[in-house]
Structures are given as structure tokens and as C-alpha cells.
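Below: the structure, in C-alpha cells.
The values are calculated or read from the model by the stated rules, or taken from the named source; none is laboratory data. Computed from a predicted structure; not experimentally measured. Using ideal geometry, Cβ is built from the backbone for each residue, glycine included, and neighbour counts are taken over all protein chains shown.
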Amino acid sequence: MILLLLTTVLALAAAYFYRFWSVREKRQVELRKIVERKRAERAESVKFAKQSAEKLDVETRNKIASLEYSELKEGLQSGTISCIDAVRTYYFKAIQANEKTNSVCMFVKEAEQWAMEWDEKAKDPEFKKPPMFGLPMSLKECVPLQGYDQTRGFVQDTFHPTETDAVLVQQLKKLGAIPYVQTNVPQSLLSYNCSNPVFGTTNHPMDKSRTSGGSSGGESALISADGSILGIGGDVGGSIRIPCAYTGTTGIKPSHLRFSHRGVCGSVPGRPLINSNDGPMSTRVETNVDFLRTVWADTWITEQDPYVPPVTWNEEAYKSDKKLKIGYYTDDGWFTPTPVCQRAVMEAKQILEDAGHTLVPFRPPRVPEVLIMFLRAVCVDAGKFLSNKLMNDIIDPLLYTQVVLWMVPVRVQRFLASFIRVFFPRLGNLMNAMTLSTVELRNTYADIEAYRSEMAALMIDQKIDALLCPVTVTPALPHVAPSKLFAGTSYTGIFNLLDYAAGKLSKHNPFNSYPFLFSRIRQCYSCHETR
Ligand SMILES: CCCCCCCC/C=C\CCCCCCCC(=O)NCC(=O)O
């Protein structure tokens, strides 16, 4: 009798597994065909960009290609450079950078047309050129661009082009900028490597075996390989700052109030307390400053989205020579960064002191708890939304560790945590991160609000204007490492949890980069902190 029962249970389990496996296999075959079609479309778009780029003579191209951002902008404004020549030059540069890094998802074919239309308008002597007239700009693939997919690395989301531009893209177009290329991201966006089954893996321009970071890793690779002069990334836990730190580029994520999120689909929809935002990325801080100064010159964004406060760029605060009190730390007490990351902070500290600022030791309280709050609130439903989506997709092998962890039932994770903690204390701690219930999640939200208040009080009491710390725990890692080392996001995630503006500055020499993180406390909504 027992034997019969056991055999029946085993047979039912085998039948269930077989059905699950055959349905999934059938779906995988479909998905692989979709990938082939999408890659063919990308190859077409590269071919188009190549043909367009070849229409420009080499001498003009070389001249434009060698210009810094401010020189290019000046040339476009004065009319010594045409928009179409600028776009064709950047098509060419991006194709070259892409060959090295695989950072491009799609070239934007309409860029040619938009450039020619601007050039046509500029023939009228009465025409007043907008401030970003003709500037070629790259966009992270998940930034909504009309007529183009925002796959976030999911095969299932290919061939679903968005119908409306993001508010930021509408504004950039209005200001004269020309989006000419979309750049790669990791599948799900919730990783700081850059690989997905649709467009493949993006490489660090200096070493193919390493990642250019993520999730704005297509941007960092393209910019650092000289294929873009200015791009838009997005950051929910370090996705602008980490790729910038890995590639010697520079970027800033303003607090989430400063740009519109209408129609934007992030990694996990319905995530109220871990705030993401778009932000500029480039090789020079001045370029990012110029970008923010231009998009915040008026309250146009608020007119499109009443959730964005009508706060404009404050040039007086930016130019002020007020000396700041800056709190710094090289170790958050959770994950000690490698010496090179700590040294960067100490060198930056020296530079700031030489400039007359006061640097004082400061460490945010209870970082291990903060990381648990961050991971719990960033995933919201213990990874259910993402694991469901991933199970209906081709899963990128570079994401396997993370995905397996999402699939283990939370009660099992909690049970195993107490044993694992003995040998691997950090992993053991993190295995308590995923939420078990709505009660626990609500408590975490309350804890986040309390932590925001505690940090504000600490900084105000000590009169601290800004913070300086490592961007992350290591220099650029091998591709597979980030999905195993999400513990390393404590230096970035904390500023999303706090919703502070945070950026990564760099000297022009990428080997001498100085990571900075700045609070917006005391300089709310100005960009003084990016100096
Ligand atoms: C041991 C149990 C752990 C459970 C599994 C946790 C899986 C890790 C989840 C999240 C890792 C967070 C990494 C964040 C990297 C930066 C991502 C980012 O900023 N993305 C942008 C965006 O989402 O828009």
C-alpha cells in the first residue's frame, strides 16, 4: 500500500515536472527566435548608422570628433558645425566604441532626420537656437524613447516599442538635443554588471574580461570608449555611480524629486521608498553641470508633471565660495573596500582640504541594518515580480546566483541563515533581507522613514553639508562577480534609501578618479554639491 502511494506520488511529481519542463522548453525556443530577430534588427541599425557616418568626409569628422563638449556646443551654436555632421560623427564614434565594448542596443535612425530638420530651421536668420542645439546624446535603453523598445534585458519585452517619449526625452528634444543611440543594461536592471540575453554582455573598454558596471553599463562603456559625449543613465542602488567608478567617467543622480517619473518603468514597479532617478553621465563634471543647469533653467518639467517641485537651477549657490563642512568615511563598518577605493577618498579629502573645506570623520549609523532595509524595500515582494518575469524569459547566466537566491523560499532562507552566518557572516545576514510578510515590509518602511530622520538630525546637528565616501568596494570586477557581491552596494544603496543627490566625480585622468557622494541637505535642489 505504502509502495503504491509512493509510486503514485513520484509519478505525479515526474508528470508535473515533465509538463513544466516541456512548456518552458517550448517557450525557450520561441524566445530564442525572438532574440535572433532582435539581433538582426540591431545589425540593420548598425548598418544604417555606418552608411550615414560614411556620408561625412573624414577631415570634418576628425575635427568634430576631437572636440570637447563645450567646443562642440559652441560650434553648433555658432554654426561652424552642422547638426547632421555632429550626428554622423557620433554615429561613427559609437560604432567604433561598440566594436570594443558591445554597449549599443540600437542606433536611433530618426536622429539623422531630426538633425537635418534643425539645420533647416537654422537657415532662418530669425531662428533662435535652443541651448542644446544639435548635441548628440546617448540614452540608457530603459529611458522611454518613442518608437523604441525598453526591454530592460527581457526578451519578452522586445518588439513592444513605447508610444510616448519620457518627459526628460521630450524636454531634451525641445532643447535641441539629438538622441542617437540606446545603450545596454543588465537583465532586470537590478544588477551592477551589464549583460542580458537580448543584446549580450557589455565589456569594460580596457579589459574585456571585466564589466563596465551597471545597470547604466552601456552608457559608461560607450562614454569611456569615446562613443558618446553625454548620456542619460538611471540609478536605484548605484546604477549611475558604480559604472562611472568602474570606467573613470562621472555622473550624478539627483534626488528623485527633481525629474519626472511619468511613464517610466523601472526594475520593480510599485516600489515606494527606494527612489531612483535619471541623471547625466560623461567624462567631465562640467558637462554634467551644464546639462543640469540647462534642464533646470525653468519649470518646464513641473508643467508636464505636477509631482516635480518647481525648483530651478541656483547659479548663485553653485558659484558660491562658501567653505563646506564635509563628513568622510572610508569604511562603512559593513564591507571594507579594497585599498585603492579607500585611497581615492583620502586623496579627494586632501584636495578638498587644500581648497579650504573642512573634512571631519563621519560614519552613517547601522549600515548592516540599512542594507537589509535597502534590499527588502528594493525587491518589495521578496523578488516575486522579478522571478516570475525571469521564469518566462531566457535567464542571463551572469544573473544566475541572484536568481537562485530569489527562488529559494523566504522561510528556507531564514532557516539556513542562522547556520550560514557562522561561516559567512555577511551572506547569513543578507539571507534575512527578503520580506516574509506585509507586516514586516510595513515595519521596514517605518524604519526607513525613521532612518531618514535620524540621518538628517545627525548632519544638521554636526552642521555637515556633504558626505565623501567610496563609491563602491572594488575597482571593475569580472562579469560574474556583481551577482554574487550585491553586499557591495552598501555605499550606493544608502543614498537611494535616503533619497539624497549622489554623484561620482572624476579627474580627467581615469586612473586618478575621486569618488564623491554628496548629501543634498542644506543645499536642497541646488547643484552646489557637484562642484
Ligand atoms: C541572500 C538572499 C538575498 C536575496 C536576493 C537578493 C538579490 C539582490 C537584489 C538586489 C541587488 C541590488 C543591486 C542593486 C544594483 C544597482 C541597481 C540599480 O541601480 N538599478 C537601476 C534600476 O533598477 O532602475
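Odds and ends about this structure:
- Count - residues of segment 421-456 that are within 12 Å of the ligand (Cβ to nearest atom) and either at pLDDT 95 or above or within 28 Å of the chain's Cα centre (by Cα) (or both): 10
- Tally, over segment 68-120, of residues that are closer than 19 Å to Leu222 by Cα and among the β-branched types (Val, Ile, Thr): 6
- Residue match in segment 268-278 (condition: touching a strand residue (DSSP E or B) at 6+ places or on another chain (Cβ under 8 Å) and part of a strand (DSSP E or B)): yes
- Members of segment 251-306 that are polar (S, T, N, Q) and more than 18 Å from the chain's Cα centre (by Cα): Thr294, Thr299, Thr302, Gln304
- Criterion applied to Gln402, Gln350 was being over 30 Å from Glu25 (Cβ atoms), modelled with pLDDT under 95 and not aromatic (Phe, Trp, Tyr), and the one residue passing it is Gln350.
- Filter result for the condition that a residue is over 28 Å from Glu99 (Cα atoms), in contact (Cβ under 8 Å) with a residue 12 or more places away in the chain and either under 34 Å from the mean Cα position of the chain (by Cα) or assigned to a helix (DSSP H, G or I) (or both), over Arg27, Arg32, Arg37, Arg19: Arg27
- Single residue of segment 206-217 satisfying the filter (part of a loop (DSSP other than H, G, I, E, B) and surrounded by 24 or more Cβ atoms within 10 Å (Cβ to Cβ)) that is farthest from the ligand (Cβ to nearest atom): Ser212
- When Ala382 is tested against (1) hydrophobic (A, V, I, L, M, F, W, C); (2) outside any helix (DSSP H, G or I); (3) more than 14 Å from the ligand (Cβ to nearest atom), just one condition goes unmet, and that condition is (3).
- Qualifying residue in segment 330-347 (condition: of a type in the set (S, T, N, Q) and either in contact with a helix residue (DSSP H, G or I) (Cβ under 7 Å, 6 or more places away or on another chain) or under 22 Å from Ile460 (Cβ atoms) (or both)): yes
- Output for segment 243-258, where each listed residue is away from the ligand (no atom under 13 Å from the Cβ) and touching an Asp or Glu at 6+ places or on another chain (Cβ under 7 Å): Ser255
- Segments classed as helices (runs of 4 or more DSSP H), wholly inside segment 290-356, with at least 3 members that are out of contact with any strand residue (DSSP E or B) (no Cβ under 7 Å at 6 or more places or on another chain) and assigned by the TED database to the domain that holds Gly493: 339-354
- Residue check for Thr474: polar (S, T, N, Q), more than 10 Å from the ligand (Cβ to nearest atom) and either over 26 Å from Ala344 (Cβ atoms) or not assigned by the TED database to the domain that holds Val360 (or both): no
- Of the listed requirements (1) farther than 22 Å from Cys341 by Cα; (2) within 14 Å of the ligand (Cβ to nearest atom); (3) aromatic (Phe, Trp, Tyr), Phe486 misses just one: (1).
- Hey, Lys123 touching a Gly at 6+ places or on another chain (Cβ under 9 Å), assigned to a loop (DSSP other than H, G, I, E, B) and among the basic types (Lys, Arg) or not: no
- Count of residues meeting criterion [of a type in the set (Ser, Thr, Tyr) and within 6 Å of the ligand (Cβ to nearest atom)] in segment 228-242: 1
- Members of segment 170-202 found to be away from the ligand (no atom under 16 Å from the Cβ) and either in contact with a strand residue (DSSP E or B) (Cβ under 7 Å, 6 or more places away or on another chain) or modelled with pLDDT under 95 (or both), listed by number: Leu172, Ala177, Ile178, Pro179, Tyr180, Val181, Phe199, Thr201
- Filter result for Arg411 (farther than 26 Å from Gly213 by Cα, in a helix (DSSP H, G or I) and within 16 Å of the ligand (Cβ to nearest atom)): yes
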